[in-house]
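Here is the structure we will look at.
Just so you know, all these numbers are worked out from the coordinates, no wet-lab data involved. The model shown is predicted, which means the values in this text are computed figures rather than measured ones. Neighbour counts are summed over all protein chains in view; Cβ atoms, including those assigned to glycine, are modelled from backbone coordinates with ideal geometry.
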Amino acid sequence: MDLDLAPDPLLAIPGPSQIPPRVMKALMRIVDHRSPHFHKLYRDVVDGLRYVFRTNGDVYPITASGTGAVETMVLNFVRPKDTVLVPVFGSFSRRLVNHLRRAGAEVIEVDYGWNRAPTYDDLRAKVESMGIKQIDVFATVYNDTSPGTVFRDLPKVVRWIKSYGALVLVDNVSALGGDYFEVDSWGIDVAVSSSQKCLAAPPVMSFIAVASSEAYRKADSVNHPSIYFDIKLMRKFGEKFETPFTPAVNYLFAIREALGIIREVGLENWIRWHIERGRAILNALTKAGLEPFISNDYYRSTTVLSFKYPAGVNPDEFRRTIYRFGVSISDGMDEVKGKAFRIGNMGYLTRKDVLTLVSSIIAVSLINGGNNASNDAIKDVFREVLNYWEPEQLSVGEG
Ligand SMILES: Cc1ncc(COP(=O)(O)O)c(C=O)c1O
């Protein structure tokens, strides 16, 4: 079979996500990155990013996937030997620890296992019982993409952790635009995200928001060997609406378009769409007999939904058969690999797509005999898909 002759499968993985046609079309433009046309593009992109990060601070686009922005955050805002507190509740918080250790930080990990996220009470009790006196940096993932957990108490934790004088660094690669997140009002100093998830833009661009003068003061005192990821250069060039090195100009046009759609729909509505759609997918699949991997609602991510594989199915075969229906979903990573599959509830996933997604998962569960949902349950499944809220302005995506 020539795969290039077949339609591309629906992307229901935790990034990259589906891209609206209008955003794809915007890719077909290129300008001189030291010209007035680019300056206008840069300003528009930064304005749009400020809007989604909820910050009046600075935001810099970086031509690199999300990992590049995480690297930029760690290299520039952490000094070797800094004491850095990190809650670990999945693959990406574990990876953040690796980034920090490579940068020479003294990391204190607080482990939450694979099916819950930190809470304010628990984290505070643990830190106090460990007798920790100094925290230079608090670094955390907001939404851990494997297994699919969210750190709901982050704003409360930030208010408390500031009493140590800690700088707060947050990786929100997998939920920016898909769940509530406020850089300024939550008191976050530095946050990062990337293009290919809830913002519904193509992969390869990431973003770093620097929201406080303390963050810049810290960066001024840090020496690191990277030129490409140097925030001082990003700042210097950002002042003239440019990037230090050749950026992916055409991708910035696409990102401007994607951010424009979010502004037209309204960020509140864009987030509401993710929340309601996520709830509908969760309810539908649960009614069909599947079991969420994260049992407690409070910890469960909106943007990454993980479910246990139905009893008796071979995990790889299960996903392969769903792929034959034209739908891409992901396996869990690390400890969750082979135990749960993950759905990316991200960006431009329309009701038609959700119908395809939910139907194909149920179909394969039924075919494999791992599901005995009644007809009434199946009716309820499709009611869930029919009735959740979707913004009317989505026709803008078809332009
Ligand atoms: C929370 C989180 N951080 C960092 C990354 C790394 O991003 P990328 O794969 O774009 O480099 C991901 C990717 O899924 C992520 O989910």
(message) If I build a Gaussian network model for the chain, linking alpha-carbon pairs within less than 10 angstrom, which residue out of Ile13, Ile132, Ile343 has the largest mean-square fluctuation?
(response) Ile132
(request) Run the numbers on the chain and let me know its relative contact order in percent, using alpha-carbon pairs under 8 Å that are six or more apart. (result) 25 percent
(message) Using only DSSP helix segments of four residues or longer, with each worth -39500 (n - 2.57), what per-residue ellipticity at 222 nm results for the chain after dividing by its residue count and rounding to 500?
(response) -12500 deg cm²/dmol
(request) Take every DSSP beta bridge with both residues inside the chain and express the antiparallel ones as a percent of the total, to the nearest 5. (result) 55 percent
(request) Taking the chain as the reference, fit the longest principal axis to its C-alpha atoms, fit the long axis of helix 36-53 to the helix C-alpha atoms, and give the angle between the two in degrees, 0 to 90, nearest 10. (result) 70 degrees
(request) With N denoting the number of residues in the chain, provide Rg(C-alpha) divided by 2.2 N^0.38 Å, to two decimal places. (result) 0.99
(request) Mind listing the long-range amide H neighbours of Val304? Cut-off is under 5 Å, sequence gap 5 or more, other chains count too, H placed in the peptide plane at 1.01 Å from N. (result) Asn345
(message) Only counting other Cβ atoms within 10 Å, I'd like Tyr112, Tyr180 sorted with the fewest neighbours first.
(response) Tyr180, Tyr112
(request) Quick one: dipole size for the chain, taken about the Cα centre, charges +1 on Lys/Arg Cβ and -1 on Asp/Glu Cβ, in debye to the nearest 20. (result) 320 debye
(message) Could you list Ser35, Ser146, Ser129 so that the one with the fewest beta carbons within 10 Å of its beta carbon is first and the one with the most is last?
(response) Ser129, Ser35, Ser146
(message) Running a GNM on the chain with Cα contacts under 10 Å, which residue among Lys133, Lys352, Lys197 ends up with the highest mean-square fluctuation?
(response) Lys133
(request) First obtain the Kirkwood hydrodynamic radius of the stretch 26-70 from its Cα pairs, then insert it into the Stokes-Einstein equation at 10 °C and 1.306 mPa s, and state the resulting D in µm² per second as a whole number. (result) 133 µm²/s
(message) Through the Karplus equation 6.51 cos²θ - 1.76 cosθ + 1.60, θ set to phi - 60°, convert the phi angles of the stretch 8-13 into ³J(HN,Hα) values in whole Hz; use x for Gly and Pro.
(response) 5, x, 5, 8, 10, 9
(request) Could you point to the residue in Tyr348, Gly369, Asn314 farthest towards the positive end of the stretch 296-379's charge dipole, with +1 and -1 charges on the Cβ of Lys/Arg and Asp/Glu respectively? (result) Tyr348
(request) Return one number: the angle in degrees, 0 to 90 and rounded to the nearest 10, between the long axis of the Cα atoms of helix 66-77 and the longest principal axis of the Cα atoms of the chain. (result) 30 degrees
(message) Cut-off is 10 Å between beta-carbons; in what order do Leu285, Leu176 appear when sorted fewest neighbours first?
(response) Leu285, Leu176
(request) Step through the residues of the stretch 199-204 one at a time and calculate ³J(HN,Hα) from phi using the Karplus curve (6.51 cos²θ - 1.76 cosθ + 1.60, θ = phi - 60°), rounding each to whole Hz and writing x for Gly and Pro. (result) 7, 6, 10, x, x, 3
(message) For the ranges 301-308, 277-284, what's the packing order if you count other beta-carbon atoms within 10 Å of each residue, average per peptide, and put the highest first?
(response) 301-308, 277-284
(message) More than 29 angstrom separation, counting every C-alpha pair in the stretch 100-253; what % is that?
(response) 22 percent
(message) Please list, ordered by chain and number, the residues whose modelled amide H lies under 5 Å from the amide H of Ser146; skip anything fewer than 5 residues away on the same chain.
(response) Ser91, Phe92
(request) Find which of Pro87, Ile231, Leu282 sits farthest along the positive direction of the dipole of the chain, computed with +1 on the beta-carbon of Lys and Arg, -1 on that of Asp and Glu, about the Cα centre. (result) Ile231
(message) With a 10 Å cut-off between alpha carbons and a GNM built on the chain, which of Ser93, Ser328, Ser213 moves the most?
(response) Ser213
(request) Please count, across the stretch 21-264, the pairs of lysine residues with Cα atoms under 26 Å apart that sit 8 or more places apart or on different chains. (result) 24
